[in-house]
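First up is the structure itself, then whatever we jot down about it.
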Amino acid sequence: MRAALRVLAPLLGLALAAAGVLVVIEVVAAWVLPDTVGLLVPWRAWGVTLANLSWNENPVPGIAIGVGVAGLLLIIVGLAARRGDVRLEAPTTAMTVTTSPRVLARLVGTRVRASDDVLSASVSASARRVAVAVLAWHDAPPDLREVIVGGVKELLDALPLRRRPRVAVSVRKQEGVR
Amino acid sequence: MSVDLTKSHQTLPAPRPTDARLRRRSRSAVARSATGDRWLLVLIGLVLLAVGVGVTLLYYGVFGSSRAARPLLDPIIVVTVATDPVLWRVIAIAGGIVLALLGLIWVARSVRPEPRPDVVLDGGPNTTIVVSSGAVAEAVATQAATLPSVARARARTVGSTAAPALRVTLWLTDDADVRAVLHRLDEEVLATVCSALDLSALPMAVRLEVERPHPAPRVA
């Protein structure tokens, strides 16, 4: 979403600027040359079309729904383009320490995959939650989930995180021999 | 008899910024702010959503069937404009200019590269010492890279010349003690930089990454 914001912001700015310039050009042209039908925009033809079209005719609802959906998408991009950083405790007030959820997920994944009973693991992390989905060997001990939860919590304790994320671990066993 | 006419030069310590200000500066050094872009996007989105919902409701007759049957370019508007065309032309031109200026300012702010301010030191009367941003960044990165468990380091100055800050990215090894690294970064690197530049404080934003292990060669 951050990338979408970086692209959309200058594009929308350009669109606003272009609309403003067009308005000025067309109004001045219509003022100076009263018989003009529009220099860059055929606004007289558009005016006739709009005068002959009422609000309860097509394609008004289609365009309105399209405009509403575009607005909703812009709102979603604007609200979701927050930085999802994970904050850490800094030794002084003059320092702010952050890392990315990707780094946190990688550290947790490395710790979880170090177990011989784990065949594979996928980790998704944020500042609030760390979720681990483990695929274990068929002969893994029954308390493997508790062991993994303990290991992940130990790792999180070692990191000076400002907010301790919740840990969720799910274990699924692989059928067949090791 | 001799009289000492020299003024006693009592060097006053540079005023130390308050903790809240330092915290704010270090927090804003984390990354380039996109708050303005985000709120403008949300504002435009809200306007478009309101227009879309309003026109859809109008189409379905929520505001009355007679209102829905009126043309998009309403004769009332045409008559209003025709009664005083000069006024409406001036309003339209002013609106267009404002729109164009706002759009251009937004574009300029969005695409402008983030500044890398130099650090300006007070060298006494009529003297100003400027330490280039590149020199500060290189010194910090080189020193940070020598810390234990730090595989690589990158630094740059951010903020403004009046209120500079540092943005440092550290690539740590897997077995790094993060607390120890941060303490040493503060006590050894930041303290050295502040001392060398004669600054009472220099806010710093630290970004931690994990160094990827180099892949083993596929051919022995």
Determine if the range B:197-206 includes at least one residue that is closer than 17 Å to B:Glu138 by Cβ, at the interface with chain A (Cβ under 10 Å from one of its Cβ atoms), within 24 Å of the chain's Cα centre (by Cα) and not aliphatic (A, V, I, L, M).
no
For the range B:150-207, how many residues meet the condition of being over 22 Å from A:Arg83 (Cα atoms), touching an Asp or Glu at 6+ places or on another chain (Cβ under 7 Å) and touching a residue at least 60 places away in the same chain (Cβ under 8 Å)?
1
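Being surrounded by fewer than 17 Cβ atoms within 10 Å (Cβ to Cβ), closer than 25 Å to B:Met204 by Cβ, within 14 Å of another protein chain (Cβ to nearest Cβ) and of a type outside the set (A, V, I, L, M, F, W, C) is true for just one of A:Pro160, A:Pro101. Which residue is that?
Numbers: A:Pro101 fails: surrounded by fewer than 17 Cβ atoms within 10 Å (Cβ to Cβ).
Residue meeting the stated conditions: A:Pro160.
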State whether one or more residues within the range A:75-92 are over 19 Å from A:Lys153 (Cβ atoms), surrounded by 14 or more Cβ atoms within 10 Å (Cβ to Cβ), within 9 Å of chain B (Cβ to nearest Cβ) and in contact with a strand residue (DSSP E or B) (Cβ under 8 Å, 6 or more places away or on another chain).
yes
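Would it be correct to say that B:Ala155 is under 25 Å from the mean Cα position of the chain (by Cα) and crowded, with 18+ Cβ neighbours inside 10 Å? If you could, list the steps in order and put the result at the bottom.
Values: under 25 Å from the mean Cα position of the chain (by Cα): yes; crowded, with 18+ Cβ neighbours inside 10 Å: yes.
Considered against the rule, which asks whether it is under 25 Å from the mean Cα position of the chain (by Cα) and crowded, with 18+ Cβ neighbours inside 10 Å, B:Ala155 comes out as yes.
Against the condition in a helix (DSSP H, G or I), within 7 Å of another protein chain (Cβ to nearest Cβ) and out of contact with any Ser or Thr (no Cβ under 7 Å at 6 or more places or on another chain), how does A:Leu16 come out, does it pass?
On the way: in a helix (DSSP H, G or I): yes; within 7 Å of another protein chain (Cβ to nearest Cβ): yes; out of contact with any Ser or Thr (no Cβ under 7 Å at 6 or more places or on another chain): yes.
Yes, satisfied.
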Going through the range B:117-159 one residue at a time, which ones are touching a strand residue (DSSP E or B) at 6+ places or on another chain (Cβ under 7 Å), of a type in the set (D, E, K, R) and at pLDDT 90 or above?
B:Arg152, B:Arg154, B:Arg156
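Whether any residue in the range B:77-88 is of a type in the set (Phe, Trp, Tyr) and in a loop (DSSP other than H, G, I, E, B) is what I want to check.
Scanning the range B:77-88 turns up no residue that is of a type in the set (Phe, Trp, Tyr) and in a loop (DSSP other than H, G, I, E, B).
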For A:Lys153, the lone unmet condition from (1) under 28 Å from B:Val181 (Cα atoms); (2) part of a loop (DSSP other than H, G, I, E, B) is (2)
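Of the residues B:Val136, B:Val107, only one is within 30 Å of A:Leu16 (Cβ to Cβ) and assigned to a helix (DSSP H, G or I); which?
On the way: B:Val136 fails: within 30 Å of A:Leu16 (Cβ to Cβ).
Sole residue among the options that is within 30 Å of A:Leu16 (Cβ to Cβ) and assigned to a helix (DSSP H, G or I): B:Val107.
Only one of A:Trp46, A:Trp55 is within 7 Å of chain B (Cβ to nearest Cβ), without any contact (Cβ under 8 Å) to a residue 12 or more places away in the chain, aromatic (Phe, Trp, Tyr) and farther than 30 Å from A:Arg128 by Cβ; which?
On the way: A:Trp46 fails: within 7 Å of chain B (Cβ to nearest Cβ).
Just one listed residue meets the conditions, A:Trp55.
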Counted residues, the range B:68-95 - those being over 19 Å from A:Ile65 (Cα atoms), surrounded by 14 or more Cβ atoms within 10 Å (Cβ to Cβ) and at the interface with chain A (Cβ under 8 Å from one of its Cβ atoms):
6
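The values are calculated or read from the model by the stated rules, or taken from the named source; none is laboratory data. Everything quoted here is computed from the prediction, not taken from an experiment. We place every Cβ from the backbone using ideal geometry, glycine too, and count neighbours over all the protein chains shown.
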